[in-house]
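The values are calculated or read from the model by the stated rules, or taken from the named source; none is laboratory data. What you see is a predicted model; the values in this text were computed from it and never measured. All Cβ positions, even for glycine, are placed from backbone atoms using ideal geometry, and neighbour counts span all protein chains on display. Surface areas here come from the heavy atoms of the whole protein model, side chains and all, with no ligands, DNA or RNA. Shrake-Rupley method; radii C 1.70, N 1.55, O 1.52, S 1.80 Å.
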Amino acid sequence: MVNILGNITPAHFLADYWQSKPLLVRQAIQDFRPALDAQTLAGLALEEGVRARIVQEMESVPRWTCEYGPFEEEYFATLPESHWTLLVQDVEKHLPQHASILDYFSFLPRWRIEDLMVSYAVDRGSVGPHTDRYDVFLLQAAGKRKWQLQLDNIDESDLIENIDLQILKDFVADEEWILQPGDMLYLPPGVAHYGIALGESMTFSIGFRAPSQTDLLQAYAERYSMDESHPQFYTDHVNDDCRRSELQRQDVSRMQQLLMQTMENDDLFMREIGKLLRSEEHT
């Protein structure tokens, strides 16, 4: 199997780049020509059960729109000649012949891989300058795409409100590259990026799921809402002064310990985590 990181070893990548800083790899896969075209991808977007979106950049407000599939075949004929992108998720499941792409990333835990998302864009097509909460490898499959990065930290106040996309209000590029077929760009979570198709373009996006604290707590609550056959309750320490009226720090510490004890060696909790990871969406 080709080292998709080029001249960088997996150990070097994990130590210096993974979840830390971007990496551009020229010709990560030499002569890369996947057997997937725009017509096949559009065909998937017509099917029930396939997660597909079309993002358009408009001249008027709202500047960005996002519509969800499944689409009607006639809908594609209504789209303009430029400034739109079709994104289809879980392509490795719907077209298993493309699942081998994921084997290039065997130096990372397989359970962390979310899916293979494929985006097809006409000229100037984009999903806007945005940031993601997950690691992603952007492998150029066909045509050219210009990628710009803004390396400043981004928070919620920097995003356009009331749209389904994490698009920045203002974007100032710190770095810029043009990717051709076989080139790849790795981005850690939180790095703002802006990809613009230069002519027709197709990009393979390999995203890596990362559950948040909230996700894990929700999974934990789901697990214990289904099984209360052997509940454990808080108990006071033998030396506590039970006459005091205020909640003390040691009380809270014992509550935290009670939660941790119930999570340890809990196979049912692991099943809930598994279901959580399968249900997360690569955006």
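Tabulated values for the structure
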{"read-out": "Accessible-area composition of the range 60-198, carbon plus sulfur, in percent [1.4 Å probe]", "value": "48 percent"}
{"read-out": "Solvent exposure of the range 54-95 as accessible area per residue, Å², 1.4 Å probe", "value": "58 Å²"}
{"read-out": "Built amide H within the under 5 Å cut-off of L159, gap 5+", "value": "K169"}
{"read-out": "Full-stretch length increase - H12, D31 - with 0.36 nm per residue and alpha-carbon distance subtracted", "value": "4.3 nm"}
{"read-out": "Interchain or long-range residues, amide H under 5 Å from D115's placed H", "value": "G207"}
{"read-out": "FRET efficiency, 1/(1 + (r/R0)^6) with R0 35 Å, evaluated for A173 and T40 via beta carbons", "value": "0.60"}
{"read-out": "FRET E, pair A99, V252, Förster distance 51 Å, beta-carbon r, rounded to 0.05", "value": "0.60"}
{"read-out": "Per-residue HN-Hα couplings for the range 150-161 [Karplus 6.51, -1.76, 1.60; θ = phi - 60°; Hz; x = Gly/Pro]", "value": "10, 8, 5, 5, 10, 10, 4, 5, 7, 9, 5, 8"}
{"read-out": "Spin-label proximity, L198 to the range 140-175 - amide N less than 20 Å from point 7 Å beyond Cα toward beta carbon", "value": "140-150, 172-175"}
{"read-out": "Net +/- balance of residues flanking T65 in space, Cβ distance below 12 Å, scoring K and R +1, D and E -1", "value": "-2"}
